[in-house]
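Asks: One structure follows; several queries about it will come next.
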Amino acid sequence: MRLPHWILAAIIATAPLSAAPVLVGPETRVESIEVQGLGPALEAIVKQRLPVHAGDTLTVEMRHRLAEVLAAAGKDLGRSLTFTYAPGKKLGAVKLRISDVC
């Protein structure tokens, strides 16, 4: 059964942004960096070690480096750090979210 186009358009228009996958391409820029689940002191330590900053282009190499840095920082801090993305306010931008998965 095929749905009429107007029903599909209504479904897409009302879907929450959080349900949509965040696409990270070669021109994706970091709009902001959020650290979740850590206190202010640990957040400052993690942010100081990050190889990426707001406004940087998030290349494949930068994502690999970010994973390496977070693994090392997590080991030093006795945490398990990971990162995800949320849609940014502008097209081609993401919010980088760093969190403790423990």
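The values are calculated or read from the model by the stated rules, or taken from the named source; none is laboratory data. Everything numeric here is computed off the predicted structure, so don't read it as measured data. Every residue, glycine as well, gets a Cβ built from its backbone with ideal geometry; the counts of neighbours run over all protein chains shown. Ligands, DNA and RNA are stripped out before the accessible areas are found, and what is left, the full protein with its side chains, is counted by its heavy atoms. Shrake-Rupley method; radii C 1.70, N 1.55, O 1.52, S 1.80 Å.
Asks: Could you give me the residue pairs with C-beta distances under 7 Å whose first residue belongs to segment 83-99 and is closer than 16 Å to E27 by Cβ and at pLDDT below 90, whose second residue is polar (S, T, N, Q) and not in a strand (DSSP E or B) wherever it lies, and which are 6+ apart or on separate chains?
Replies: From residues that are closer than 16 Å to E27 by Cβ and at pLDDT below 90, the pairs are G92/T28.
Asks: Turning to a different aspect of this structure: For segment 33-58, give me each residue that is farther than 10 Å from D100 by Cβ, open to solvent by 50 Å² or more (accessible area, probe 1.4 Å) and in contact (Cβ under 8 Å) with a residue 40 or more places away in the chain.
Replies: Across segment 33-58, the qualifying residue is only E34.
Asks: While we're here: Please enumerate the residues belonging to segment 59-82 that are outside any loop (DSSP other than H, G, I, E, B), free of Cβ contacts under 8 Å to residues at least 12 places away in the same chain and exposed (fewer than 12 other Cβ atoms within 10 Å of the Cβ).
Replies: E61, H64, E68, K75, D76
Asks: With respect to A13, is the statement that it is at pLDDT 90 or above and either more than 15 Å from the chain's Cα centre (by Cα) or in a helix (DSSP H, G or I) (or both) true?
Replies: No, not satisfied.
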